[in-house]
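Since the structure comes first, as C-alpha cells, the remarks are kept for the end.
The values are calculated or read from the model by the stated rules, or taken from the named source; none is laboratory data. Everything quoted here is computed from the prediction, not taken from an experiment. Counting neighbours? That spans all protein chains shown, and the Cβs are built from the backbone with ideal geometry, glycine included. These accessible areas exclude ligands, DNA and RNA; they are computed on the full protein's heavy atoms, side chains included. Shrake-Rupley method; radii C 1.70, N 1.55, O 1.52, S 1.80 Å.
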Amino acid sequence: MKILLTNDDGIFAPGIQRLCQELEKEHEVTMVAPDRERSATGHAITLHHPLRAKEMTFANIKSKAIAIDGTPADCVKIAIESLLDEKPDLVVSGINAGPNMGYDVLYSGTVSAAVEGLLLGIPSIAVSLVTDNNWDFDYAAEFINRLLVEHKNQNLDAEILLNVNIPVKAQGESRVTKLGNRSYRNTFEQRVDPRGERYYWLAGKAVEEGNDKDTDVMAVKEGLVSITPLKLSLTAFSEMEKLKKWDL
C-alpha cells in the first residue's frame, strides 16, 4: 500500500518517525510533514507566501521524507497535488504527542491533515497517543500497522475518516466510540516584556464532564484504544425543516 504520512508536531517529532519505521516494514511510505511544530493550527492553509519543500534524510528511516514550511493541511495538499507521482492509497496523520478527543478535533492539525486527505479523495486516519509523560510510541505504531489490514479489507464509507486515540498503557483492546465532551477552560496570563509592553500567554486546562461509556474520553480512561468515525458534513439535517418555517 502507498501511504502518505504527515503530522502536526513536525517532521523531527518522535511520533511520526516511529510510525514511519513501523509502516515502511510492509508499505511504501512517503513522509511529508511540517518543518516545525504546527499544533492547534486546525485546517489552516497558506495563501500569502510560497511553500518551500526540502527533502530530508534520517539515519533510522529509509522512506522518502520531505519537510514543508507550512501547515499540516498544506503538507497533504501539496504532496497529493504536486509532490507525489501518483495518489497514495491512504493518508495517515500522527502519531500525535497528546490526545485529540472531543472538541480537540476542531483545533487539531493532526485531524485536519486527515480531513484534507479525505477532501482530496483519499481514505484517511488520524492517530494520537494519550499520555502526560511517557512518550513510548511503540505500541501505538504497531496497533496502526494492524489496523491498516482491517481498513484495507473492509468497505468503509468514502466520506469517513478514523480518529484513533491510543493510551500509552493500552491493554490491547479497542472500542468504537463517539466524540466525547472535552473542552478547555482557557486562561490568558498577562505579562510585560522588556520594553514595558503587555502581552498575553494562553494556557488551557482540559475539562472532561458528562461523558458516557461510548465516548472516546471514557474509552481511553479505561485503557482502551478509541476509534471514532468522523464525517465531513456539518449540516444539521434535523433542523432544516424547522428553519424553512421561519418568517424571513
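Restricting the search to region 223-235, which residues are more than 15 Å from L129 (Cβ to Cβ) and in contact (Cβ under 8 Å) with a residue 12 or more places away in the chain? T228, P229, L230, K231, L232, S233, listed by residue number. Show the residue pairs meeting these rules: Cβ distance below 7 Å; 6+ apart or different chains; first residue within region 71-83 and at negative phi and open to solvent by less than 10 Å² (accessible area, probe 1.4 Å); second residue part of a helix (DSSP H, G or I) and hydroxyl-bearing (S, T, Y). Here the result reads P72/T110; P72/S112; A73/S112, each pair linking region 71-83 to a residue that is part of a helix (DSSP H, G or I) and hydroxyl-bearing (S, T, Y).
Applying the set (1) surrounded by 18 or more Cβ atoms within 10 Å (Cβ to Cβ); (2) within 22 Å of S39 (Cα to Cα) to F143 leaves exactly one unmet item: (2).
Surrounded by fewer than 19 Cβ atoms within 10 Å (Cβ to Cβ) and modelled with pLDDT under 95: does that describe A40? The answer is yes for A40. Residues considered: A170, A158. Of these, the only one that is modelled with pLDDT under 95, open to solvent by less than 90 Å² (accessible area, probe 1.4 Å), assigned to a loop (DSSP other than H, G, I, E, B) and closer than 22 Å to G109 by Cα is A158.
Take the conditions (1) of a type outside the set (D, E, K, R); (2) touching a strand residue (DSSP E or B) at 6+ places or on another chain (Cβ under 8 Å); (3) open to solvent by less than 10 Å² (accessible area, probe 1.4 Å); (4) on the phi < 0 side of the Ramachandran plot; I61 misses just one of them, which is (3). Among the residues of region 173-196, those identified as in a strand (DSSP E or B), touching a Ser or Thr at 6+ places or on another chain (Cβ under 9 Å) and not polar (S, T, N, Q) are R175, V176, K178, R182. Checking each residue in region 197-248 for being of a type in the set (A, V, I, L, M, F, W, C), open to solvent by 100 Å² or more (accessible area, probe 1.4 Å) and in a loop (DSSP other than H, G, I, E, B) picks out L234, W246, L248.
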